Amino acid sequence: MSNINYSLDIELNDNNYLPNLFGVNDKNIQILEKINNVQIKYRGNKIKIIGTKSSIKDTKEEILLLFEQAKKGLNIDEDKIMETRSMKILELDPEDQVNLFFQTKKRKILPRSQNQKNYFQLLNSKDIVFAYGPAGTGKTFLAVAKAVASLQQGLVKKIILSRPAVEAGEKLGFLPGDLKEKVDPFLRPIYDALYEMMPYDQVEKKLANNTIEIAPIAFMRGRTLEDCYIILDEAQNTTKIQMKMFLTRLGKNSKMVVVGDNTQIDLISKNESGLIDASIKLKNIDDIGLIELDQRDVIRHEVVRKIINAYENKNSN
């Protein structure tokens, strides 16, 4: 920051909303500083932003947008900051916004990158969507958000969650407990996403009454899945035969999302991956959407993006 000489002063017109805008112990200010690589100083309602010309401009626009939302009584926190930033970066107008967020009872989910915006559009328009990319890009999270929103809107009657249990060799009978207890370790990322969308007791109730069903891919043969939102996670670890079997389970009024990471294949032969095979064979079918996410779409901790970049650079050398 020491080599940057640009600064901009802005003045907000109502002190009453500043505690909400700035956050407890200036937490929101610190988030804005980090994501925009700027320095923010304030005294009362007068704010000074220090950084590059473009970063100052972005920060000013975000602060003014957040201030208007604070005046409307909305709570300003990290989610609201990232939501506002996404709306600005992706230039979402009110008409676009209707189709580019998933509203669950617990929160509103918006895209945070252009690729995620494209993913949203595919989830809204295609019967089957394939999404692949590295950890932290929102593949599973956004699929679960769409599934929960569809269930709560009455568009489907149940959610089915599936994942290949490669680490157990699909021999789940040797694990202790009932079916749910056997596969829980393999579905933990999906549970984490569910609890982000719905209160814990609602998730447990829907699991108990089978509105949310856990169905390991090895147990899917012979079924026809109607009025369902179906998610297959870690799809890179399905075989070609398993993938064909899974995709042909799709019934009337159902949607299916297949997510995975082609760099994390645990099969003995990577050439057997059903995800890679399907993405090649099915790419020209209009009712099927394919989206590849990359390190630019990482929404976890910033260090995750750096880790992915480091490994990709190492592999390319």
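The values are calculated or read from the model by the stated rules, or taken from the named source; none is laboratory data. This is a predicted model, so every value here is computed, not measured. All Cβ positions, glycine included, derive from the backbone under ideal geometry; neighbour counts span all protein chains shown.
Things worth noting here:
- Evaluation of D277 against (1) assigned to a loop (DSSP other than H, G, I, E, B); (2) among the charged types (D, E, K, R); (3) touching a Lys or Arg at 6+ places or on another chain (Cβ under 7 Å) (one fails), failing number: (1)
- The one condition in (1) at pLDDT 90 or above; (2) under 25 Å from the mean Cα position of the chain (by Cα) that K240 fails to fulfil: (2)
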